[in-house]
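Here is the structure we will look at, set down as structure tokens.
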Amino acid sequence: MKQLILSFAAMLLSLGALAQKEIKVIPQYHVNDTAIYRNSGVSTMSVMGSEIIINTTIDMRFVVKEKTADGYVVELYTSNVNADTGQGGLMAEMLSMSMKMIEGCNMKLALDREGKLIGILNFEEVKQQQLKVMGQAIDKLYQDHPQVESALPRQTLISQLEAQATEDAQLKSLLSTANIFAYNGLTLAQGAKSEYVNPVGVNMLREVTMLDTNKRYVETKAISKVTKEQMKQIIIDKVKENMQETPPNIESQIESMIDSGMMSLHFNEDANVTFYPNLYVKSIDIYNSSDIMMQKTTVKTTVTCLHNNF
């Protein structure tokens, strides 16, 4: 009997030790919980020998509004969107303009019981707000640069920006690893691998490379897993963004260049995140790099909780 009790105790200790080797990210949401986060980043884009650098800051107010039978309704209000383009020129201004679309957005989001993002409940309202901000920005762009409209018709630019305002595109952005919802529902353990889709639509394979359960700190690395068809579609979309008219045989040309190795597409990401005891995100630091059609981009992003009431 004594040996049985000792064996049982040893088993419990082993299970306890095992439990400490992973973190199941299920935030303890309570109605009226409020947290204010600041997202700051530096994006560097190299295109045909020229370099564009954009410094951005975005404030996000997160509030739990309701607990439902299926999960939660939360509010995410975005403000103080700043994008400093320096001397980046017209292209930098256009990138800055696309970022400012979310200024003043007040999204009502549906989360499941584990805090995983399901959808945008007031999407039509959000879309109209973004279209309004977008229209004002476009008017200012053509007012400041009247010569642009002949090279880039207003409707072409509107269509490009509207493509970023779809619910699917915005959900992908909210689920990116530079966001407070990205890790909800995940089990984080040393060496654990999982897949996700980045905002561009590319499948990424993430691996946990370091985990400290006591400090609730995790480091991950991710690389892209791109099929030939995905690569072809992404490059076609990229070409259409930069050309008013695309050649009728563009798809076959791109496919041939991919097969020959002349065109490639790569994404890499290094990230670390720290959680509060209730498993709200405390901070995120991320370094992303991508190479699409010889266009190299790096993005360093930090998300920090400035204030909370929990």
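Some observations on this one:
- In this entry, Ser79 passes the filter for residues that are open to solvent by 20 Å² or more (accessible area, probe 1.4 Å), in contact with a strand residue (DSSP E or B) (Cβ under 6 Å, 6 or more places away or on another chain), hydroxyl-bearing (Ser, Thr, Tyr) and without any contact (Cβ under 8 Å) to a residue 60 or more places away in the chain.
- Residues that are open to solvent by 70 Å² or more (accessible area, probe 1.4 Å) and not in a strand (DSSP E or B) were ranked within the range 65-76; the one that is nearest to Ile54 (Cα to Cα) is Asp70.
- Within the range 187-204, being among the β-branched types (Val, Ile, Thr), without any contact (Cβ under 8 Å) to a residue 40 or more places away in the chain and within 18 Å of Val273 (Cα to Cα) holds for no residue.
- For Gly185, the criteria (1) part of a helix (DSSP H, G or I); (2) under 25 Å from Asp59 (Cα atoms) hold in every case but one, which is (1).
- Single match in Gln143, Gln129 (criterion: crowded, with 17+ Cβ neighbours inside 10 Å and either without any contact (Cβ under 8 Å) to a residue 60 or more places away in the chain or not in a helix (DSSP H, G or I) (or both)): Gln129
- Residue count for the range 266-279, restricted to those that are open to solvent by less than 20 Å² (accessible area, probe 1.4 Å) and over 17 Å from the mean Cα position of the chain (by Cα): 1
- Checked against (1) assigned to a helix (DSSP H, G or I); (2) over 22 Å from Leu111 (Cβ atoms), Gly201 meets all criteria but (1).
- Here Asp112 clears all of (1) without any contact (Cβ under 8 Å) to a residue 40 or more places away in the chain; (2) open to solvent by 20 Å² or more (accessible area, probe 1.4 Å); (3) on the phi < 0 side of the Ramachandran plot; (4) not hydrophobic (A, V, I, L, M, F, W, C) except the condition numbered (1).
- Selection count, the range 208-238, where residues are surrounded by 16 or more Cβ atoms within 10 Å (Cβ to Cβ), over 21 Å from the mean Cα position of the chain (by Cα), free of Cβ contacts under 8 Å to residues at least 60 places away in the same chain and part of a strand (DSSP E or B): 0
- Residue check, Thr44 out of contact with any strand residue (DSSP E or B) (no Cβ under 6 Å at 6 or more places or on another chain) and β-branched (Val, Ile, Thr): no
- Selection within the range 188-227 - farther than 14 Å from Phe267 by Cα and among the small types (Gly, Ala, Ser): Ala189, Gly191, Ala192, Ser194
- Cβ-Cβ contacts under 9 Å between residues 6 or more apart (or on different chains), taken from a first residue in the range 166-186 that is open to solvent by 30 Å² or more (accessible area, probe 1.4 Å) to a second residue that is in a helix (DSSP H, G or I) and of a type in the set (D, E, K, R), are listed as Thr166/Lys127; Glu167/Lys127.
- Residue within the range 150-162 that is more than 21 Å from Gly41 (Cα to Cα), at pLDDT 85 or above and touching an Asp or Glu at 6+ places or on another chain (Cβ under 7 Å) present: no
The values are calculated or read from the model by the stated rules, or taken from the named source; none is laboratory data. Being a predicted model, the structure only gives us computed values, none of them experimental. Glycine also receives a Cβ, built like all others from the backbone with ideal geometry; neighbour counts cover every protein chain displayed. Quick note on the areas: whole protein, heavy atoms, side chains included, nothing else; ligands and nucleic acids left out. Shrake-Rupley method; radii C 1.70, N 1.55, O 1.52, S 1.80 Å.
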